Amino acid sequence: MLKTSLLGRDFNSEPSPLDNRSKSLSESRGSVASENVHPTEEANRLSIMQTLVHLLKCNIGTGLLGLPLAMKNAGLLVGPISLLAIGILTVHCMVILLNCAHHLSQRLQKTFVNYGEAMMYSLETCPNAWLRTHSVWGRYTVSFLLITTQLGFCSVYFMFMADNLQQMVEEAHVTSNNCQPRKILALTPILDIRFYMLTILPFVVLLVFIQNLRMLSIFSTLANITTLGSMALIFEYIIKEIPDPSSLPLMASWKTFLLFFGTAIFTFEGVGMVLPLKNQMKHPQHFSFVLYLGMSLVIILYICLGTLGYMKFGSSTQASITLNLPNCWLYQSVKLMYSIGIFFTYALQFHVPAEIIIPFVISQVSESWTLLIDLSVRTALVCLTCVSAILIPRLDLVISFVGSVSSSALALIIPPLLELITFYPEDMSCVTIAKDIMISILGLLGCVFGTYQALYELIQPINHSIANSTGVYA
């Protein structure tokens, strides 16, 4: 059976400097975007529901649990409005990316154009001679940002899963059936969090060996079920006896608003999956419906959880809303279910950098080594994300830094610029030009100030044991 590549590269198209694959590799992997699709390959394509499941799972990750604190950093009024605005802009930029890729694929008579190729091909036809000469760097830049962003997410997932596992194990002796509000009681961890990361590592390695997206959709569905279960328990708790929110500020300081912006951009994790998911659908013409429906549900969930969580816990809101939940077996299950969901989400986020790096590496070896090299590279990349989580005590701030640079660029800065470069020779309206410039400037400002704030927090002294320890609550 032909493998299903998530990125859906067109291996029958002209080779690029980054991706000069051999004919044997092309035959072994096949083109998922081929016009004459093999019946078996056609059966592996995604239905509308499967695509929606993948889209939801790619956007519901660890950042969701930090939204109540993000609302605290923005204010009870400014937070929800700003999150809605960022969500609308992000979805609009996804649509821009889809339109540009579709336009370029028709212009160049290609069956599929991914994010990096869209940037490269648009630069090849722009008026500036220097940009035309160096158009391949557009692809290199997008590929680098995708790899950095997605591996960064995967590193966060390692830290999140290990931290929750540590909390569940080491809080077991103080956990009861009495679900009362918590009081903070920090205890010395029994085992270092690195031990829990190494415990999780072999299971994650086995998970990323699954390369068939249709098979992976089963695990994605399980992840959605566990995530929905944990979300239901969280909402069940935060909507009960909400205090009077009149004492909460409607607008927070502009300095803390920078933290809100970084968290909000980090939360929208699915920009790198838009083109691959569309290419994997049985009926790609229906992807716009899936995108609008899925992202509408995601934005509503973000706003509701962030706002209600902040109203419930007020000034005591923690970095993750799970830290505010009662220390009883019922709400401990929230950590377990959400960690299971994040575990399966790891495989989805991992596919993007894997399918950029692995084909290039495999093209350098003979066909007999293809499978071994494929599995070895996957193992090495998973180990890299685990080692990053182990070595960097303030991983949350490091990922905020990476997210401010990479996520802002991929989600808000590059798509409007791509539209300008792609459609400018075709007489764009002044309104569209002004709109694209404003969105890119907004993304750039968020990138600069978010990066500054993350770096500022990183250089602040912090107790290493606190950074990598579990706060136990009774």
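Tell me the per residue accessible area of segment 276-338 using a 1.4 Å probe; a whole number in Å² is fine.
Averaged over the residues of segment 276-338, the accessible area is 36 Å².
Does segment 161-313 classify as rounded, prolate or oblate by the C-alpha gyration tensor (a ≥ b ≥ c root eigenvalues; a/c under 1.5 gives rounded; else a/b over b/c gives prolate, otherwise oblate)?
Oblate.
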In square angstrom, rounded to the nearest 10, how much accessible surface does residue 296 have for a 1.4 Å probe? 60
Classify segment 334-379 as rounded, prolate or oblate from the Cα gyration tensor: take a ≥ b ≥ c as the square roots of its eigenvalues, call it rounded if a/c is under 1.5, otherwise prolate when a/b beats b/c and oblate if not. prolate
Would you kindly compute the Cα radius of gyration of segment 323-400 and its largest Cα-Cα separation (Dmax), both in Å? 17.5, 56
Segment 377-447 - accessible surface per residue (Å², probe 1.4 Å): 41
Using the Karplus curve 6.51 cos²θ - 1.76 cosθ + 1.60 with θ = phi - 60°, work out ³J(HN,Hα) for each residue of segment 348-362 in order, rounded to whole Hz, and write x for Gly and Pro. 5, 5, 5, 4, 5, x, 4, 7, 8, 7, 4, x, 5, 5, 5
Of the listed peptides 197-204, 366-373, what is their order by residue-averaged count of other C-beta atoms within 10 Å, with the highest listed first? 197-204, 366-373
Kirkwood hydrodynamic radius of segment 51-156 from all distinct Cα pairs, in Å? 16.5
Convex hull of Cα atoms in segment 310-353, direction-averaged projection (nm²): 4.2
Once all protein chains are kept in place, residue 107 shows an accessible area at probe 1.4 Å, nearest 10 Å², of 90
Checking the a/c ratio against 1.5 first, then a/b against b/c, what shape does the Cα gyration tensor give for segment 225-266? oblate
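Using a probe radius of 1.4 Å on heavy atoms only, what accessible surface per residue do you get for segment 70-120? Whole Å² is fine.
Values: 1700 Å² over 51 residues.
Here the residues of segment 70-120 average 33 Å² of exposed surface.
Pop out the carbon and sulfur fraction of the accessible area of segment 70-111 as a percent, whole number, probe 1.4 Å.
Working: 1030 of 1590 Å².
It is 64 percent, rounded to a whole number.
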Summing +1 per Lys or Arg and -1 per Asp or Glu among the other residues with Cβ less than 13 Å from residue 423's Cβ gives -2
With all protein chains present, segment 168-320 has a carbon and sulfur share of its accessible area (1.4 Å probe) in percent of 70
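The values are calculated or read from the model by the stated rules, or taken from the named source; none is laboratory data. These numbers come from a predicted model, not from an experiment. Note that each Cβ is placed from the backbone with ideal geometry, even for glycine, and that neighbours are counted across all protein chains shown. These area figures cover heavy atoms from the full protein model, side chains too; ligands, DNA and RNA do not enter into them. Shrake-Rupley method; radii C 1.70, N 1.55, O 1.52, S 1.80 Å.
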